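Undergrad: Pasting in a structure now, in structure tokens, and then I'll have a few things to ask.
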Number of protein chains: 2
Amino acid sequence: MAELYLEDFAVGQRFLSATHQLDAGQIKAFAAQFDPQPFHLDEALAEKTFFHGLAASGWHTAAITMSLLVRSGMPIAGGLIGAGGELTWPRPTRPGDVLQVESEILAVTPSRSKPERGMITVRSITRNQKGEAVQDMTTRMLVWKKP
Amino acid sequence: MAELYLEDFAVGQRFLSATHQLDAGQIKAFAAQFDPQPFHLDEALAEKTFFHGLAASGWHTAAITMSLLVRSGMPIAGGLIGAGGELTWPRPTRPGDVLQVESEILAVTPSRSKPERGMITVRSITRNQKGEAVQDMTTRMLVWKKP
């Protein structure tokens with residue numbers, strides 16, 4: 001797919017990413033480094049917690065979502081540069097889940113002060129293989145106008 | 001520090017984490033796995049981009065923030081379980097940055113339907129060694145009442 005500039009985006013456009021299969025090893029490796037809590041590290045201990053079984057860190061789900069967006073989700077010219085956003089995790093991500101991200105353009109906003117750029121607002125829903133949302137995120141991303 | 005229950009939290013309380021020093025190797029390792037873009041992977045290529053030098057993925061800053069919160073930020077009984085939140089990255093995180101998270105309790109909300117639990121709303125600002133905010137995040141976290 002060709003690289004996309006601000007002029008290429010329109011409200012309502014959708015982009016579907018490739019998929020990523022999660023396993024217990026990935027969940028534990030991320031957790032050991034960034035979110036060392038029993039429900040992300042140990043199946044037996046996780047059974048006794050709120051999650052009733054091993055679950056990925058929400059920040060791991062967010063990182064995988066970014067990976068899918070960068071590799072296959074939305075080819076923005078100059079890269080995917082987020083200014084921020086909001087996200088929720090409606091349900092846990094589990095070992096064996098196959099994740100896929102669907103993104104929809106909610107707004108396209110040229111900059112008032114910087115004529116060469118603008119922002120897009122993107123809602124990206126990360127779903128598991130059953131089609132259930134595991135993350136619902138809305139971000140604002142920097143996009144360049146055509147040179 | 002003792003583990004904290006819903007009754008232990010009050011609006012305005014603050015918690016200061018330990019610190020984490022970032023380096024180029026960590027930035028590139030995270031990016032190779034989760035955010036493989038030139039400005040997160042290669043100093044020379046990064047010079048020619050929006051970031052004018054190597055910068056950490058925002059999701060890496062978020063993951064380090066979570067690590068600091070889990071290890072030293074706020075000892076919630078039963079663990080730190082986020083329902084979601086919003087975040088911005090006011091400026092890039094760079095190699096050599098020493099990150100620290102200051103959290104403030106914005107709201108304490110007992111559940112109406114589930115008497116054993118509630119939610120806290122927490123603003124966590126991640127700063128570099130100059131005191132500059134590199135991430136500003138507000139999350140809602142599940143907290144249990146005293147058994």
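Undergrad: So which residues in the stretch A:61-97 are assigned to a loop (DSSP other than H, G, I, E, B) and not aliphatic (A, V, I, L, M), if there are any at all?
TA: Selection gives A:Pro75, A:Gly78, A:Gly79, A:Trp89, A:Pro90, A:Arg91, A:Pro92, A:Thr93, A:Arg94, A:Pro95, A:Gly96, A:Asp97.
Undergrad: Next up: Anything in the stretch B:66-75 that is in contact with a Phe, Trp or Tyr (Cβ under 8 Å, 6 or more places away or on another chain) and either more than 7 Å from chain A (Cβ to nearest Cβ) or of a type in the set (Ser, Thr, Tyr) (or both)? List them, or say none.
TA: B:Ser67, B:Gly73, B:Met74
Undergrad: Considering each residue of the stretch B:101-142, count those that are closer than 17 Å to B:Thr61 by Cα and assigned to a loop (DSSP other than H, G, I, E, B), and give that number.
TA: Result for the stretch B:101-142: 5.
Undergrad: Just checking, which of A:Ala83, A:Ala56, A:Ala77, A:Ala107 is within 26 Å of A:Ala32 (Cα to Cα) and not hydroxyl-bearing (Ser, Thr, Tyr)?
TA: Testing whether each residue is within 26 Å of A:Ala32 (Cα to Cα) and not hydroxyl-bearing (Ser, Thr, Tyr) leaves just A:Ala56.
Undergrad: Go through (1) touching a helix residue (DSSP H, G or I) at 6+ places or on another chain (Cβ under 8 Å); (2) surrounded by fewer than 21 Cβ atoms within 10 Å (Cβ to Cβ) for B:Ile120 and report which single condition fails.
TA: It is condition (2) that B:Ile120 fails.
Undergrad: Check off (1) modelled with pLDDT of 95 or more; (2) crowded, with 19+ Cβ neighbours inside 10 Å for B:Gln26 and give me the number that stays unchecked.
TA: (2)
Undergrad: Further, regarding this structure: Give me the pairs: first residue in the stretch A:1-23 and touching a residue at least 24 places away in the same chain (Cβ under 8 Å), second residue assigned to a loop (DSSP other than H, G, I, E, B) and loosely packed, with under 15 Cβ neighbours inside 10 Å, beta-carbon distance under 8 Å, and six or more apart or on different chains, which are they?
TA: A:Tyr5/A:Lys146; A:Leu6/A:Lys146; A:Glu7/A:Lys146; A:Gln21/A:Gly96; A:Leu22/A:Gly96; A:Asp23/A:Gly96
Undergrad: Of the residues that sit in the stretch A:48-62 and are crowded, with 23+ Cβ neighbours inside 10 Å and facing chain B (nearest Cβ under 10 Å), which one is nearest to A:Arg94 (Cα to Cα)?
TA: A:Ala55
The values are calculated or read from the model by the stated rules, or taken from the named source; none is laboratory data. Being a predicted model, the structure only gives us computed values, none of them experimental. Glycine gets a Cβ as well: all are built from the backbone with ideal geometry, and neighbour counts include every protein chain shown.
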